[in-house]
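Below: the structure, in structure tokens.
The values are calculated or read from the model by the stated rules, or taken from the named source; none is laboratory data. Everything quoted here is computed from the prediction, not taken from an experiment. Heads up, the Cβs are rebuilt from the backbone with ideal geometry, glycines too, and the neighbour counts pull from every protein chain shown.
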Amino acid sequence: MSAVNLNSPEVQIRETRLNSITGFCGRASDLVRCSHARRLHNRSRSFSQGMMCSSSAAFCQLSMIVDAAVINHAPVGCAGDFPNFHFTFRAGQAERNMPSVIGRYFSSNIDENDTIFGATQKLADTIRLAYERVHPGAIFITTSCASGIIGDDVDGVAQVASDELGIPVIACICEGFRSGIWTSGFDAAYHSVVRGLVKPPRRKTNKVNIINFFGAHVFDEMLQRLGTEPTYIVPFSNVEDLKYVSEARATIQICPTLGSYFSSALEKVYGVPEIKSPPAYGVAGTDRWLRELGGILGQEDEVERIIEEGHERIGPKLEEYRRKFKGKTAYLTAGAAHGHAIIALVRELGFSVNGAAIFHHDPLYDNENPASDALAHDIATYGDINNYSVCNKQSFEIINLLNKYRPDILVARHTGMAHWGAKLGIPSFLVDDEQFGFGYDGILNYAERIEDTIDNREYLENFAKHAVSPYTKWWMDQDPFTFLGGDTNVDSY
Ligand code: SF4
């Protein structure tokens, strides 16, 4: 478990490294209890409707390094999501007032002949072409199902090219079929960064690493008060920043589903302390997280002032919202750690969570520390969740569950999920900014958004009258877990 082996070009996938699963239904407390006892089993589905690709998850991080180029060693169809990443890249630059840079994304365009004769020469040619066109600070190569099936030695090609060009050329081994858990792609991307870019520290700085998706700035003011500076990684960093993340005083993660491997590797290899408390969502979670950060930075007194100010600032408004939402129900669907964060947020606001469909479950993160388990903290702080399922974005299960539970609000973290609630007339909203709910003020951000969504219920009710569902009445009357194999996630435990 938790192997960080920088001699190997690849990191183990989550199923084997962390024992992570994609199929569960039952009480959240059973999931946590069995996870901590290391007695959790996966339940596979006999029918699956769609999911994401771990190669794409790797690309979504590497493609945001502003002066790197990324080559997808794949048939050109695997590059179909380049425009989405490019949009995020350009919008993020504008949000941060950065100089405008076009994404440097390439495909080696593996074709039928290559799948018979191999595509290493094509890859070497693509690397040279990318270098001549855009002169990047580093080149990452993400692998694909096709390059994995034909067995191309991508790491070997990368090493030869690195010697020839004099810049880091780094293989990221992340074929889509390697893992049923797409977040294995984040681990693959970060392994390639730690192995191929990060250097031993020259000295310690006053910087704090923030492993982040695409949001901006939420940590700036707080870290400044604590006498430190943020380094947001990996999106919108540059190659030089990444080389010296080993010099930071601590690593924060916006979401352990994203940063588990990277933060653990930085602590294990370079001694950069990782904040192990779950990220700061909800009042109790924010208090706990801030105190751990303050302890690591030697800023306990200032942190106590931040906590006191935070409570005072949001207290009266929070009570108002709690009165308004009391007795209402929420359902949520999201990636693992962020889903646990949303559970804390909506319960903080007085909702009862009548169910959750969470995209996978990591029994413990790479730090192997139960204190990092956000779901366990949710249960200890706010109580159990009876209808908790682990479901890797299987729409047929989710719409069936929503139809049965009919919550007052659906909160969804990924695009393409909120509309399942809307089709049923359930007020639904998408939270695509992971920083939106962070810290004390994040609770009020959520409250405003939820209030707005619930108050516009009539629009959704009209929408539902005209919405066409691809699912028949027959399916909606079935047990939502009809296709979830096995009958338990545990053996006699
Ligand atoms: S890497 Fe595999 S799963 Fe991912 S887009 Fe390409 S073919 Fe599909």
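In the set A357, A330, A371, only one residue is in contact with a Pro (Cβ under 7 Å, 6 or more places away or on another chain), in contact (Cβ under 8 Å) with a residue 12 or more places away in the chain and outside any loop (DSSP other than H, G, I, E, B); that residue is A330. Taken over region 68-88, residues that are in contact (Cβ under 8 Å) with a residue 12 or more places away in the chain and either within 14 Å of the ligand (Cβ to nearest atom) or crowded, with 21+ Cβ neighbours inside 10 Å (or both) amount to 14. Scanning region 301-311 finds no residues that are buried (at least 18 other Cβ atoms within 10 Å of the Cβ), on the phi < 0 side of the Ramachandran plot and outside any helix (DSSP H, G or I). Among the residues of region 197-215, are any outside the structural domain of K243 (by TED's automatic domain parsing), within 16 Å of the ligand (Cβ to nearest atom) and touching a strand residue (DSSP E or B) at 6+ places or on another chain (Cβ under 9 Å)? The answer is no, given that none of the residues of region 197-215 is outside the structural domain of K243 (by TED's automatic domain parsing), within 16 Å of the ligand (Cβ to nearest atom) and touching a strand residue (DSSP E or B) at 6+ places or on another chain (Cβ under 9 Å).
Could you look through region 51-67, keep only residues that are over 14 Å from H86 (Cβ atoms) and outside any loop (DSSP other than H, G, I, E, B), and pick out the one that is nearest to the ligand (Cβ to nearest atom)?
It comes out as S55.
Among the candidates A119, A58, A79, the residue that is under 20 Å from V169 (Cβ atoms) and in contact with an Asp or Glu (Cβ under 6 Å, 6 or more places away or on another chain) is uniquely A119. Only one entry of T142, T126 meets the criterion of being modelled with pLDDT of 95 or more and touching a helix residue (DSSP H, G or I) at 6+ places or on another chain (Cβ under 6 Å), and that entry is T142. Scanning region 1-42 for residues that are surrounded by fewer than 16 Cβ atoms within 10 Å (Cβ to Cβ), among the hydrophobic types (A, V, I, L, M, F, W, C) and touching a residue at least 24 places away in the same chain (Cβ under 8 Å) gives M1, L6, A37. Closer than 30 Å to S263 by Cα and in contact with a helix residue (DSSP H, G or I) (Cβ under 6 Å, 6 or more places away or on another chain) - does that describe any residue in region 446-460? Yes, there is a match, as at least one residue in region 446-460 is closer than 30 Å to S263 by Cα and in contact with a helix residue (DSSP H, G or I) (Cβ under 6 Å, 6 or more places away or on another chain).
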